[in-house]
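Structure record follows, encoded as structure tokens.
The values are calculated or read from the model by the stated rules, or taken from the named source; none is laboratory data. Not measured: the values here are computed from a predicted model. When we count neighbours, we look across all protein chains shown, and the Cβ atoms used for this are built from the backbone with ideal geometry, even at glycine. Note: areas computed on protein heavy atoms with side chains; ligands, DNA, RNA excluded. Shrake-Rupley method; radii C 1.70, N 1.55, O 1.52, S 1.80 Å.
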Amino acid sequence: MNRDPQSWTRLGQAIAAARKAQSLTQGELAERSGVSLGAVQRAEAGAVPKARMPMTLHPIARALCWPDSAIDSVLDGGNPPDTFEDVDVQPLVESERAERAETIISGAMVRSLKGASSDEIRAATRMALDALRRDGLL
């Protein structure tokens with residue numbers, strides 16, 4: 001992963017410029033990308049991540065209609081995209097939210113269902129997620 005502070009600053013400025021060009025607030029971009037407002041603020045601040053590439057950057061880039069390669073390209077010294085790619089981000093956001101929900105539910109079940117096998121916990125997690133989807137909560 002690129003750890004050059006100037007590269008991360010350039011990426012943050014590009015994200016902010018693209019957001020403003022689309023007349024979006026940081027909150028609107030956060031909602032559109034399915035990440036927190038803080039994640040958008042950190043991305044625009046351009047701080048070098050401590051350990052690994054933040055998982056929130058790609059959803060932010062997709063919400064800005066950037067191609068998947070844009071983040072790495074900017075970090076490697078390339079220019080930010082000047083054209084936008086029409087991408088339907090809703091399925092990606094829903095998938096990421098479902099995966100996060102599954103992780104949270106599985107963790108809760110592991111803590112509360114001592115002695116249950118991992119297969120039993122996964123099956124119970126899937127049942128809980130299906131119920132949440134049926135009720136429109138996911």
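Springs between alpha-carbon atoms under 10 Å, Gaussian network over the chain: tell me which of 11, 57, 113 tops the mean-square fluctuations.
113
Calculate for the chain the 222 nm mean residue ellipticity that helices alone would give, adding -39,500 (n - 2.57) per DSSP H run of length 4 or more and normalising by residue count, nearest 500 deg cm²/dmol. If you can, show how the numbers build up before the last one.
Values: 7 runs with 87 residues, N = 138.
Helix contribution divided over all residues of the chain: -20000 deg cm²/dmol.
Got a sec to turn the phi values of the stretch 59-69 into Karplus ³J(HN,Hα) couplings, 6.51 cos²θ - 1.76 cosθ + 1.60 with θ = phi - 60°, whole Hz, x for Gly and Pro?
After applying 6.51 cos²θ - 1.76 cosθ + 1.60, I find x, 5, 4, 4, 5, 8, 6, 7, x, 4, 7 Hz.
Can you check what the net charge comes to around residue 23, using other residues whose Cβ is under 15 Å from the Cβ of residue 23 (Lys, Arg +1; Asp, Glu -1)? Each step should come with its number before you reach the end.
Working: positive: 19, 20, 32; negative: 28, 31.
Net charge in that neighbourhood comes out at +1.
Accessible area per residue for the chain in Å², computed with a 1.4 Å probe and the full protein assembly in place, what is it?
Value returned for the chain: 62 Å² of accessible area per residue.
For the residue pair residue 69 and residue 127, what label-to-label distance in nm results when each label sits 7 Å from Cα along the Cα-to-beta-carbon direction?
4.7 nm
Run the numbers for residue 116 and residue 9: contour at 0.36 nm per residue of separation, minus the present Cα-Cα distance, in nm.
Details: separation 107, 0.36 × 107 = 38.52 nm, distance 4.73 nm.
That works out to 33.8 nm of additional length.
With a ≥ b ≥ c the root eigenvalues of the C-alpha gyration tensor of the stretch 23-70, is it rounded (a/c under 1.5), prolate (a/b larger than b/c) or oblate? Please report the intermediate quantities before stating the final value.
Working: a/c = 1.88, a/b = 1.24, b/c = 1.51.
Oblate shape, in that a/c is at least 1.5 and b/c is the bigger or equal ratio.
Quick one, which of (1) 9.9; (2) 14.4; (3) 9.4 is the actual mean projected area of the Cα convex hull in nm² calculated for this model?
Answer by label: (1).
Could the peptides 47-54, 3-10 be put in order, highest first, of the mean number of other beta-carbon atoms found within 10 Å of their residues? Kindly include the intermediate steps, with their values, before the conclusion.
Numbers: 47-54: 11.1, 3-10: 13.9.
By packing density, highest mean first, the sequence is 3-10, 47-54.
Express in whole angstrom the spacing between the alpha-carbon centres of the stretch 114-128 and the stretch 36-80.
About 35 Å separates the Cα centre of the stretch 114-128 from the one of the stretch 36-80.
Taking Cα pairs under 8 Å and at least six residues apart, what relative contact order does the chain come out at, in percent?
Details: 132 pairs, mean separation 29.6, N = 138.
Result for the chain is 21 percent.
Take the Cβ-Cβ distance between residue 41 and residue 95 as r, set R0 to 35 Å, and report the resulting FRET efficiency rounded to the nearest 0.05.
On the way: r = 24 Å, r/R0 = 0.69.
After rounding, the FRET efficiency stands at 0.90.
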